[in-house]
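Undergrad: Have a look at the structure that comes next, please.
The values are calculated or read from the model by the stated rules, or taken from the named source; none is laboratory data. Owing to the predicted nature of the structure, the values given are computational and were not obtained by experimental measurement. Cβ atoms come from the backbone with ideal geometry, glycine included; neighbour counts cover every protein chain shown.
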Amino acid sequence: MAEVDKSGVAQLGAAIAEQVGRVIVGKADQTRLITAALLAGGHVLLDDVPGVAKTLLVRAFAASLGLSFSRIQCTADLLPSDVTGSTVFNQQTGAFEFRPGPVFANIVLADEINRATPRTQSAFLEAMQEGGVTVDGTTHALPQPFMVLATQNPIELKGTFPLPEAQLDRFLLRVRMGYPSEAEEVEMLMRFRAADPMTEVRAVAVADELPRLKQSVRDVHVSEDMALYIAALARATRGAPMLRLGASPRSSLALLHASQACAALAGRGFVTPDDVQGLVAPVLAHRLLLSRDASLAQRDPEAVLREIVTDVPVPAESPETTTAG
């Protein structure tokens, strides 16, 4: 079994949380999930109402990593070439040259992605899945690491284009921000009363360190019992009467990789049932489709998943798990 740099991953997670916490009040869980997605090589959809610091969280997260960052403000008139870049004629050299678009960055914020047309949304699809974009028949590799953090407003439907299932499936996690508590809101007001705390954020990692830490995450031990548990949860969604589309095998892989990342961030070299259960909703909920009866009853995928987690037997702790750490 490969050696897992548990301390390195955990130290990185704590350092990012500390830097983001200088700006964002009370969003440690959301920061941990985004960090886990980065280490697992995935992308994140921040889905919540306006004004709950989705964009600010992404900016603080990117600043804490010292990686290149770009923001794409998605609108109905945004073209695919505005995202990927285009080929232009250089009069000085007499040749066509590719000029990269804003997607050529380590951390890309796609703000209000559901306001972009389906044609422009699809420009993100190849980038998120393949790590490159194809323009005029030529494929251009994106910088590594590469991560898309997209935001959307779930309550405002006018002038929006809902993300299709294929696009949603490219997001490893969907993260909800939620409103702050009274104490957190007061702390936020006091923190922003005189200055912008973004100026206090310092980079705690560089791009060269991340490949080693990402490989360390993949080396986190997953016992056969844990694999069976993940598969059982996914299979339970496919037979749930409240769902007309359950979790795909890709969803199972996403749940496994996210669980490995969260285990490493917790300083462990093995995955536990608690890791898996804590990620069921962020990983699976946006990939499921409710049945008509569930929609009429105003159920939501998170509630259905809670019932499934309750019904699926949890594997007992095995010697293989206890010795893996």
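Undergrad: Kindly indicate which of A205, A127, A123 is outside the structural domain of P301 (by TED's automatic domain parsing), within 19 Å of V58 (Cα to Cα) and either surrounded by fewer than 16 Cβ atoms within 10 Å (Cβ to Cβ) or at pLDDT below 90 (or both).
TA: On the way: A127 fails: either surrounded by fewer than 16 Cβ atoms within 10 Å (Cβ to Cβ) or at pLDDT below 90 (or both); A123 fails: within 19 Å of V58 (Cα to Cα).
Residue meeting the stated conditions: A205.
Undergrad: In addition: What tally of residues in region 220-255 results from selecting those that are under 23 Å from the mean Cα position of the chain (by Cα), assigned to a loop (DSSP other than H, G, I, E, B) and modelled with pLDDT of 95 or more?
TA: Number of matching residues: 2.
Undergrad: Starting from residues that are surrounded by 13 or more Cβ atoms within 10 Å (Cβ to Cβ) and at pLDDT below 90, keep the ones in region 273-298 and report whichever is nearest to Q167 (Cα to Cα).
TA: Among those residues, the one meeting the criterion is S295.
Undergrad: Pick out the one residue from A36, A10, A63 that is assigned by TED's automatic domain parsing to the domain that holds M147, in a helix (DSSP H, G or I), modelled with pLDDT of 90 or more and surrounded by fewer than 21 Cβ atoms within 10 Å (Cβ to Cβ).
TA: Just a single option satisfies the conditions, and that option is A10.
Undergrad: State whether the residues of region 168-177 include one that is β-branched (V, I, T) and either surrounded by 19 or more Cβ atoms within 10 Å (Cβ to Cβ) or in contact (Cβ under 8 Å) with a residue 12 or more places away in the chain (or both).
TA: yes
Undergrad: Take V271 and tell me if it is within 22 Å of D48 (Cβ to Cβ), out of contact with any Lys or Arg (no Cβ under 7 Å at 6 or more places or on another chain) and outside the structural domain of Q30 (by TED's automatic domain parsing).
TA: No; evaluated as a whole, the condition is false for this residue.
Undergrad: What pairs can you find where one residue is in region 1-27 and over 17 Å from S64 (Cα atoms) and of a type in the set (S, T, N, Q), the other is surrounded by fewer than 22 Cβ atoms within 10 Å (Cβ to Cβ) and modelled with pLDDT of 90 or more, and their Cβ atoms are less than 9 Å apart, with a gap of 6+ or different chains?
TA: Close Cβ pairs (under 9 Å, with a partner that is surrounded by fewer than 22 Cβ atoms within 10 Å (Cβ to Cβ) and modelled with pLDDT of 90 or more) amount to S7/G267.
Undergrad: Sticking with this structure for a sec: What about R299, is it among the charged types (D, E, K, R), assigned to a loop (DSSP other than H, G, I, E, B) and under 25 Å from T31 (Cβ atoms)?
TA: For R299, the condition - among the charged types (D, E, K, R), assigned to a loop (DSSP other than H, G, I, E, B) and under 25 Å from T31 (Cβ atoms) - is not met.
Undergrad: I've got another one for you. Which members of region 180-202 meet the condition of being at pLDDT 90 or above and more than 29 Å from F146 (Cα to Cα)?
TA: P180, S181, E182, A183, E184, E185, V186, E187, M188, L189, M190
Undergrad: Do we have D29 as of a type outside the set (V, I, T), surrounded by fewer than 18 Cβ atoms within 10 Å (Cβ to Cβ) and more than 17 Å from the chain's Cα centre (by Cα) here?
TA: Here the answer is no, as D29 does not meet what is asked.
Undergrad: Output yes when any residue across region 88-105 is among the basic types (K, R), surrounded by 15 or more Cβ atoms within 10 Å (Cβ to Cβ) and either free of Cβ contacts under 8 Å to residues at least 40 places away in the same chain or under 24 Å from L45 (Cα atoms) (or both), and no when none is. Spell out the reasoning first.
TA: Step one: list which residues in region 88-105 are among the basic types (K, R), which gives 99.
From what is left, the residues that are surrounded by 15 or more Cβ atoms within 10 Å (Cβ to Cβ) are none.
No; the residues of region 88-105 include none that is among the basic types (K, R), surrounded by 15 or more Cβ atoms within 10 Å (Cβ to Cβ) and either free of Cβ contacts under 8 Å to residues at least 40 places away in the same chain or under 24 Å from L45 (Cα atoms) (or both).
Undergrad: Do we find that A17 is modelled with pLDDT of 90 or more and touching a Ser or Thr at 6+ places or on another chain (Cβ under 8 Å) in this structure? I'd like the intermediate steps shown before the answer.
TA: Working: modelled with pLDDT of 90 or more: yes; touching a Ser or Thr at 6+ places or on another chain (Cβ under 8 Å): yes.
So A17 fits the description; yes.
Undergrad: Exactly one condition in (1) modelled with pLDDT under 95; (2) surrounded by fewer than 16 Cβ atoms within 10 Å (Cβ to Cβ); (3) part of a helix (DSSP H, G or I) is false for T310; which is it?
TA: (1)
Undergrad: If you take the residues of region 77-126 that are in a strand (DSSP E or B) and within 17 Å of Q152 (Cβ to Cβ), which of them is farthest from the chain's Cα centre (by Cα)? It would help to see each step written out before you state the result.
TA: Residues of region 77-126 in a strand (DSSP E or B): 85-90, 95-100, 107-111.
Next, only the ones that are within 17 Å of Q152 (Cβ to Cβ) stay: 108-111.
Details: V108: 12, L109: 11, A110: 12, D111: 14 Å.
By that ranking, first place goes to D111.
Undergrad: Related question: Take N114 and decide whether it is touching an Asp or Glu at 6+ places or on another chain (Cβ under 6 Å) and in the same structural domain as K54 (by TED's automatic domain parsing).
TA: no
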